[in-house]
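The values are calculated or read from the model by the stated rules, or taken from the named source; none is laboratory data. Bear in mind the structure is a predicted one, so any value in this text is a computation, not a measurement. FYI the Cβ positions are ideal-geometry reconstructions off the backbone, even for glycines, and counts take in every protein chain you see. These accessible areas exclude ligands, DNA and RNA; they are computed on the full protein's heavy atoms, side chains included. Shrake-Rupley method; radii C 1.70, N 1.55, O 1.52, S 1.80 Å.
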Amino acid sequence: MSSNNVVVLDNGAGLIKAGIGGNLDPTAILPNCLARPLSSKKFLHLSDPNATAAFDLTSAAVRRPLDRGYLINPDLQREIWSNLFSNVLKINPSHSSLLLVEPLFNLPSLQRAADELVFEEFGFESLFVADSPSLVHLYEASRSRPSNGVVSKTQASLVVDCGFSFTHAAPVFQNFTVNYAVKRLDLGGKALTNYLKELVSYRAVNVMDETFIMDDVKEKLCFVSLDVARDLQVARKPGRDNYFRCTYVLPDGVTHTKGFVKDPDEANRCLTSKDGAPKDDMEYPEVTEKAEDRKRVDLTKNEFSLTNERFLVPEMIFRPADLGMNQAGLADIILTGGSSLFPRFAERLIDFSKCRERELRPLVPDDYQVKITTQEE
């Protein structure tokens, strides 16, 4: 069977990544959910950006087939997959095989529910089920890149999959995940978005119902701090000395139906230095508002400002105890998953000479080298 007949489906709780075997990039990346805008009476598929661009997703209701990473609503998943196969990938399942990526430690009853969808509902010819860590390791080991010589020779790595529902640190040996040694952190992109909702709702404007908007805020403005103590001090400064301050504009339903960063250059100025420290020659936009005006929240404005929220949200991955979770933070090696895409995520795990935060180096014996590899996408 040719590779053109193999459909690859990474069925994440937040996003579906799907395509045809042999292609470098996925054909489609779409939310694994249905949404109902306030202006609509029915739930809509979010697979077509052009079709959903006209809808204001402010306070939209969301239905997800997966909860905490596991399939709980097979009927809803069937509806989403049907749209994916027919309208997005445009494939005939009865003439195709499926490579399905499932979460680690999937329950047998949930596996059977997925198998029924694959064979009884869609009629795929064959099915191969894999987990994310083993596929990531196989991909990294097979890449013709000199820096990956150790992974190729030893056929062993530690994959940190930081996704929507949780984070797994999974050892992989000879392309197989060592299940008994996997460590799980019950923290992922969904919890981080919820934490950002709480911070913004407490400090500025109520956004507890704005899942899609706050996901966008998180992805565009949050980053990992290389020195939390230093950055907390900077975030308290007024005016031009606070180079973390930025503004996000909420949709108004009239002139624009999507939120956006008011000044991208202002938002990215804190990422211009390698170690996260401000440069002496860094240019800042002129601040015209008074200090007392910055502290006052104007509820008539359709926007809000962020400062230390930008790095305190991803910080929870490293310090989950701050959220009341009795779990250790993250300090591991190969990274994958959507929530590992925060700027400086990999750098935080390395012992930089100018960075006082050292997460991984103290945990590893001196005679071992530390190497971290991030996925391109």
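Couple of notes before you dig in:
- Contact map, the range 166-186: first residue touching a residue at least 24 places away in the same chain (Cβ under 8 Å) and on the phi > 0 side of the Ramachandran plot, second residue open to solvent by less than 60 Å² (accessible area, probe 1.4 Å) and part of a loop (DSSP other than H, G, I, E, B), Cβ cut-off under 6 Å, separation 6 or more or different chains; the map is empty.
- Filter result for the condition that a residue is touching a strand residue (DSSP E or B) at 6+ places or on another chain (Cβ under 7 Å), within 24 Å of Asn32 (Cα to Cα), open to solvent by 10 Å² or more (accessible area, probe 1.4 Å) and assigned to a helix (DSSP H, G or I), over Lys197, Lys220, Lys190: Lys220
- Filter pass, Ser39 being small (Gly, Ala, Ser) and part of a loop (DSSP other than H, G, I, E, B): yes
- Within the range 203-246, if we keep just the residues that are of a type in the set (Asp, Glu) and at pLDDT 90 or above, the residue that is farthest from Arg310 (Cα to Cα) turns out to be Asp209.
- Pairs meeting the criteria (first residue in the range 192-205 and touching a residue at least 12 places away in the same chain (Cβ under 8 Å), second residue part of a helix (DSSP H, G or I) and of a type in the set (D, E, K, R), beta carbons under 8 Å, at least 6 apart or on different chains) are Leu192/Lys218; Thr193/Asp215; Thr193/Lys218; Leu196/Lys218; Leu196/Glu309; Leu199/Glu309; Val200/Glu309; Arg203/Glu309.
- Verdict on Phe173 being under 19 Å from Pro65 (Cα atoms) and surrounded by fewer than 20 Cβ atoms within 10 Å (Cβ to Cβ): no
- Residue within the range 204-215 that is over 23 Å from Ala13 (Cβ atoms) and in contact with a Phe, Trp or Tyr (Cβ under 8 Å, 6 or more places away or on another chain) present: yes
- Residues of the range 204-217 classified as of a type in the set (Asp, Glu) and assigned to a loop (DSSP other than H, G, I, E, B), total: 2
- Just one of the numbered conditions (1) without any contact (Cβ under 8 Å) to a residue 24 or more places away in the chain; (2) in contact with a strand residue (DSSP E or B) (Cβ under 7 Å, 6 or more places away or on another chain) is not true of Gly19: (1).
- If you go through the range 177-187 and keep only what is polar (S, T, N, Q) and assigned to a strand (DSSP E or B), you end up with just Thr177.
- Taken over the range 248-274, the residue count meeting the criterion of being closer than 16 Å to Asp215 by Cβ, open to solvent by 70 Å² or more (accessible area, probe 1.4 Å) and not in a loop (DSSP other than H, G, I, E, B) is 1.
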